[in-house]
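**Student:** Encoded as structure tokens, here's the structure I'll be asking about.
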Amino acid sequence: MVSTWTLLEVLSVGLGRRLLGRPLRSSEGAREQISPIEGLSALSLDALTSVAYGPQALLVALGAGGLMALRLAPWISVAIVGLLGLLVASYMQVIVAYPGGGGAYAVARANLGRRLSLLAGAALIVDYTLTVAVSISAGVESVTSAYPSLAPYTVPACVGVLTVITFLNLRGLAEGARAFLVPTLAFIIVILGIIVVGLVHPLDPGLHQPGAAQVSTHALQSVGLLLVLQAFSAGCSALTGVEAIANGVPLFRKPRVTRARQTELMLGILLAAMLLGLAALVQRFRVEPRTGDAVLNQIVGYAIGRGWAFDAISLLVMLVLALAANTSFGGLPVLASLLAEDHRLPHAFAIRGDRLVFGSGIWVLGLLSAVLLVATGGNTNALIPLFAIGVFTGFTLAQAGMVRHWLSGRQSGWRWRAVINAIGATASGISTVIFVVTKFREGAWVVVVAVPLLILLFVRVHTYYRSVAAELRLGTVPAKPRRGRTLVVVPFTDISRLTREALSQALSMGDEVFAVTVVFAEDDARRVAVEQEWQRWDPGVPLVVLRSQYHSVARPLLRYIGSLKPSPTRRVVMLIPILVPRRFWHRALHNHLDLVLSAALRRRRHVVVARLTLPLHDE
């Protein structure tokens with residue numbers, strides 16, 4: 001009969017397969033790759049849904065200059081769309097030049113040197129983690145702003161949504177992309193529809209909006225260059241996610257480069273249309289930031305009123321904002337795998353699981369995002385100042401690297417391409433500096449601290465792997481294996497069937513076998529009994545009785561192993577017999593000498609700890 005423990009293991013595997021799906025063969029990997037349309041939901045949803053908080057961040061920043069300053073919002077939006085065009089053009093070139101994925105990290109590694117590539121990698125990790133937190137918190141916030149009674153449940157709702165998205169991605173990127181495709185297309189159609197209705201024939205243009213205005217009529221009425229730059233940088237949070245497609249090129253079906261460029265172009269056109277359309281509606285309806293009411297909610301209210309359609313759109317916006325976190329789950333695992341291949345992160349990040357996904361990257365991203373959401377209480381405004389720095393650092397390095405790429409290769413059309421990338425690098429670099437300076441006290445210092453710590457992590461991991469490679473002489477032809485003698489030590493407590501099985505195995509493994517037991521100094525009677533019983537049994541293996549002055553079994557065994565003087569020509573194997581009980585809770589009734597000895601002998605050279613298991617079966 002099958003033991004209870006084995007049955008539980010089978011059941012756990014079955015539960016895992018139900019949650020995550022059956023293991024996939026390598027030949028089935030193509031079905032987990034995505035099409036250009038699916039790329040919108042898998043890698044572009046973050047950028048598309050940023051229209052829900054980007055325009056609001058722009059208006060909040062302009063609000064410091066008073067109502068007159070809000071009139072600049074459409075013109076700043078045009079500048080942001082111009083930068084969007086530069087970024088899209090740049091990343092379409094990155095897709096062609098670096099189809100292996102990695103985005104800014106891959107570009108900086110090839111063109112800007114090791115240090116800047118590590119900066120790009122750290123910035124992207126911060127970007128991806130914050131993208132998850134911001135997207136989910138913004139989605140939940142859009143619902144709590146429409147339904148204030150749900151506000152106390154913000155954090156549990158954020159963690160719940162994060163859990164669902166994490167498990168969907170553990171099942172496979174394509175499955176998540178297909179699951180999110182319908183909400184993504186619905187969101188695009190709804191936002192474009194709202195823009196058309198609002199521009200052509202708004203249904204409730206005189207609507208009284210809830211909440212109090214956040215812009216004082218007594219605020220400063222002059223607008224300086226610094227305020228405009230602050231607003232431009234804040235509004236650029238709507239450009240987050242533009243780089244994700246270039247980071248995840250390997251996730252597309254073949255021809256990958258063509259399909260990834262198609263998705264990047266669709267993203268650029270759709271995002272530009274939505275940003276310009278919403279900017280026009282902000283101007284037409286004289287929208288201003290208000291407490292407890294998102295800018296997008298105000299625009300929707302003016303366009304179609306606050307009836308059942310408004311409620312339905314609020315739920316849709318919440319859903320797609322939360323699902324926008326999926327962008328990071330498509331990009332960060334690929335980036336982490338590249339860093340692992342470069343020995344900058346643990347090699348586990350480069351291993352695909354049964355579902356052909358980089359599971360370690362998905363788990364770590366989920367855990368880091370959960371910590372952020374809990375720490376900030378799911379507050380979007382607390383996360384956005386942290387958010388944009390990592391994003392624009394990546395933008396700047398990617399485009400600066402592409403300038404170097406064109407100058408080095410001098411391919412056809414390299415001059416105008418280098419100019420586009422140089423302008424984009426300058427604009428995004430200025431935005432990064434402004435973000436750091438103006439948002440430092442609001443939380444941006446966290447990113448300024450986190451990025452160097454991540455770089456330090458990369459350096460330490462690489463140093464470790466390099467030292468291991470030197471110790472193992474990787475890359476060189478090793479000397480011929482040498483044959484030596486093997487001495488097997490079998491510790492036991494009582495003479496039994498378990499002892500017989502262990503000695504039988506030991507005799508097949510080594511040249512010399514010793515059975516060893518430990519007796520305490522005051523228990524001389526047990527020593528005599530064991531020796532007499534051993535003589536009667538006569539298994540053909542020498543018996544060694546160790547007397548211990550302390551009530552410790554491990555200590556005398558370790559001293560005995562040391563006395564055998566293990567060496568390259570005389571290796572010692574400690575073969576520990578272990579009973580596997582019928583029920584897993586019975587394990588507490590047995591000693592765990594194997595764990596103690598394994599931990600103690602782990603650092604001793606030429607000593608191997610092995611286990612012989614004997615399951616107890618039901619009759």
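Every read-out reported here was derived from the displayed coordinates using simple, explicitly stated rules and does not represent laboratory data. Keep in mind it's a predicted model, so treat the numbers as computed, not measured. Cβ sites come from the backbone with ideal geometry, for glycine too, and all protein chains shown count toward neighbours.
**Student:** Quick one: angle between helix 445-472 and the longest Cα principal axis of the chain, in degrees between 0 and 90, rounded to 10, please.
**Tutor:** 40 degrees
**Student:** I would also like to ask the following. Given contacts defined as C-alpha pairs under 8 Å and at least six residues apart, what's the relative contact order of the chain, whole-number percent?
**Tutor:** Here the relative contact order equals 22 percent.
**Student:** Still on this model: Once amide H atoms are placed 1.01 Å from N in the peptide plane, what residues at a sequence separation of 5 or more from PHE520, or on another chain, have their amide H within under 5 Å of its amide H?
**Tutor:** HN-HN under 5 Å from PHE520: SER548.
**Student:** Could you give the distance between the Cα centres of segment 229-262 and segment 458-474, to the whole Å?
**Tutor:** If we compute the Cα centre of each part, the gap is 34 Å.
**Student:** Next question. Against the longest principal axis of the chain, how steep is helix 256-285, in degrees 0 to 90 to the nearest 10, with axes from Cα atoms?
**Tutor:** Roughly 50 degrees, rounded to the nearest 10.
**Student:** Considering the dipole of the chain built from charges on the beta carbon (Lys and Arg +1, Asp and Glu -1) around the Cα centre, which of VAL374, VAL228, THR432 is farthest to its positive end?
**Tutor:** THR432
**Student:** Relative contact order (percent) for segment 485-615, with alpha-carbon contacts under 8 angstrom and 6 or more residues of separation?
**Tutor:** 29 percent
**Student:** While we're on this one: What value, in deg cm²/dmol to 500, does the helix sum -39500 (n - 2.57) over DSSP H runs of n ≥ 4 give at 222 nm once divided by the residues of the chain?
**Tutor:** Result for the chain, helices only: -21000 deg cm²/dmol.
**Student:** Pick out, from ILE389, VAL468, ALA246, the residue whose Cα sits farthest towards the positive end of the charge dipole of the chain, with +1 on the Cβ of Lys and Arg and -1 on the Cβ of Asp and Glu.
**Tutor:** Among ILE389, VAL468, ALA246, the one farthest towards the positive end of the dipole of the chain is VAL468.
**Student:** Where does each of ILE561, ILE136, ILE269 land when they are ranked from fewest to most other beta-carbon atoms within 10 angstrom?
**Tutor:** Going from sparsest to densest Cβ surroundings: ILE269, ILE561, ILE136.
**Student:** Sorted from largest down, what three extents in whole angstroms do the Cα atoms of the chain have along their principal axes?
**Tutor:** The principal-axis extents, from largest down, are 103, 59, 47 Å.
**Student:** Further question: Work from the charge dipole of segment 485-615 (Cβ charges, +1 for Lys and Arg, -1 for Asp and Glu, about the Cα centre) and give the residue of SER504, THR517, LEU597 farthest towards its positive end.
**Tutor:** In segment 485-615, that residue is LEU597.
**Student:** Which of VAL51, VAL200 comes first, and how do the rest follow, when ranked by fewest Cβ neighbours within 10 Å?
**Tutor:** So the residues, fewest neighbours to most, are VAL200, VAL51.
**Student:** List LYS254, LYS480 from most exposed to least, where exposure is judged by having the fewest other Cβ atoms within 10 Å.
**Tutor:** LYS480, LYS254
**Student:** Taking H as built 1.01 Å from N, whose amide H comes closer than 5 Å to the amide H of GLY101, not counting residues under 5 places away?
**Tutor:** Amide H neighbours of GLY101: VAL249.
**Student:** To the nearest 10 degrees, how steeply does helix 73-97 sit against the main Cα axis of the chain, on a 0 to 90 scale?
**Tutor:** 40 degrees
**Student:** Another question, then. Taking H as built 1.01 Å from N, whose amide H comes closer than 5 Å to the amide H of ARG611, not counting residues under 5 places away?
**Tutor:** ILE576
**Student:** A follow-up question, please. Any lysines with Cα under 25 Å of the LYS565 Cα? List them, leaving off those in the same chain fewer than 8 positions away.
**Tutor:** Straight-distance partners of LYS565: LYS480.
**Student:** Right, next: Within 14 Å, Cβ to Cβ, of THR463, how many net charges do the neighbouring residues add up to if Lys/Arg are +1 and Asp/Glu are -1?
**Tutor:** My count for the surroundings of THR463 gives +2.
**Student:** Which of the trypsin sites (Lys or Arg not before Pro) across segment 471-549 are loop residues per DSSP, with 15 or fewer other Cβ within 10 Å?
**Tutor:** Here the sparse-neighbourhood loop sites are ARG473, ARG482, ARG483.
**Student:** Treat every Asp and Glu Cβ in the chain as -1 and every Lys and Arg Cβ as +1, leave all other atoms uncharged, and give the resulting dipole magnitude about the Cα centre to the nearest 20 debye.
**Tutor:** 2120 debye
**Student:** Looking at segment 511-585, which chymotrypsin sites (Phe, Trp or Tyr not before Pro) are in a loop (DSSP not H, G, I, E or B) and have at most 14 other Cβ atoms within 10 Å?
**Tutor:** Filter output for segment 511-585: TYR550.
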